Amino acid sequence: MYFNPTNAPGPVNSQVVLTNKLRFLGVSKDVAETNPKLKKLLGQPSYRLAELALDAYGPNQVNSEPVNTVGVTVGITTNKDMSEESIYAMTKSFWENVEKDAENAPWLRNIFLDAALTDLNMPLHVGAQKYYPEIGVR
């Protein structure tokens, strides 16, 4: 058994599944709702019950149904002292290229603009504050 918090398909798991069959163990919704420690974890900001798709790791992933797992929101941060122009350009470039970049970094296929501000627990940099409203994300 191996535990690896990552966005699917994570690089380590992707390497393992190239030459090995891999079965993911999950958490039932029942357990998530009744286990006090897990319920407490899932009640914290950014944590939730998430679903690992059957095809997340290709044909060597041998699960017969999707697997529930603990999901967590991840983000990209910067220094508040970086210029507005730099962060604006970086944010814009990231979102304009995320689909193309996902060809080489498959985990990016699970990054969606409509969830960009989900579970945000810190202020946006002024450069990002300028970009997101321009494209209709609030």
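Coordinate-derived values only; no laboratory data. This one's a predicted model, so the numbers in the text were calculated from it and none came from an experiment. Neighbour counts are summed over all protein chains in view; Cβ atoms, including those assigned to glycine, are modelled from backbone coordinates with ideal geometry.
Could you work out the Kirkwood radius for the stretch 76-138, taking every pair of different alpha carbons, averaging 1/r and inverting it, reported in Å?
12.4
At a threshold of 8 angstrom on Cα-Cα distance, excluding pairs fewer than six apart, so keeping six or more, what relative contact order does the chain reach in percent?
Details: 132 pairs, mean separation 34.7, N = 138.
Relative CO of the chain lands at 25 percent.
Using each residue's phi in the stretch 112-129, evaluate 6.51 cos²θ - 1.76 cosθ + 1.60 at θ = phi - 60° and report the 3J(HN,Hα) Karplus result to the nearest Hz, with x for Gly and Pro.
Values per residue, Gly and Pro as x: 10, 4, 5, 10, 4, 10, 5, 6, 4, 10, 7, x, 6, 5, 4, x, 6, 4 Hz.
Only counting other Cβ atoms within 10 Å, I'd like D81, D30 sorted with the fewest neighbours first.
Lowest count first: D81, D30.
State the answer as a single residue: which of G43, A53, P11 lies farthest towards the positive end of the charge dipole of the chain, with beta carbon charges of +1 for Lys and Arg and -1 for Asp and Glu, about the Cα centre.
Of the listed residues, the answer is G43.
How many percent of Cα pairs in the stretch 45-95 exceed 12 Å?
Taking all Cα-Cα pairs of the stretch 45-95, the fraction more than 12 Å apart is 74 percent.
Given the Cα-Cα distance of V31 and I135 and 0.36 nm per residue of separation, how much length would full extension add, in nm? Each step should come with its number before you reach the end.
Values: separation 104, 0.36 × 104 = 37.44 nm, distance 3.97 nm.
Taking V31 through I135 to full extension adds about 33.5 nm, to one decimal.
Kindly count the pairs of lysines across the stretch 10-138 whose alpha carbons are less than 30 Å apart, treating pairs on different chains or eight or more residues apart as eligible.
Eligible lysine pairs with Cα atoms under 30 Å apart amount to 11.
Counting other beta carbons within 10 Å of each Cβ, put I76, I87, I111, I135 in order, fewest first.
Working: I76 10, I87 21, I111 18, I135 13.
Ranking I76, I87, I111, I135 by Cβ neighbours within 10 Å, fewest first, gives I76, I135, I111, I87.
Of (1) 1.08; (2) 1.23; (3) 2.52, which is the value of Cα Rg over 2.2 N^0.38 Å derived from the coordinates here?
(2)
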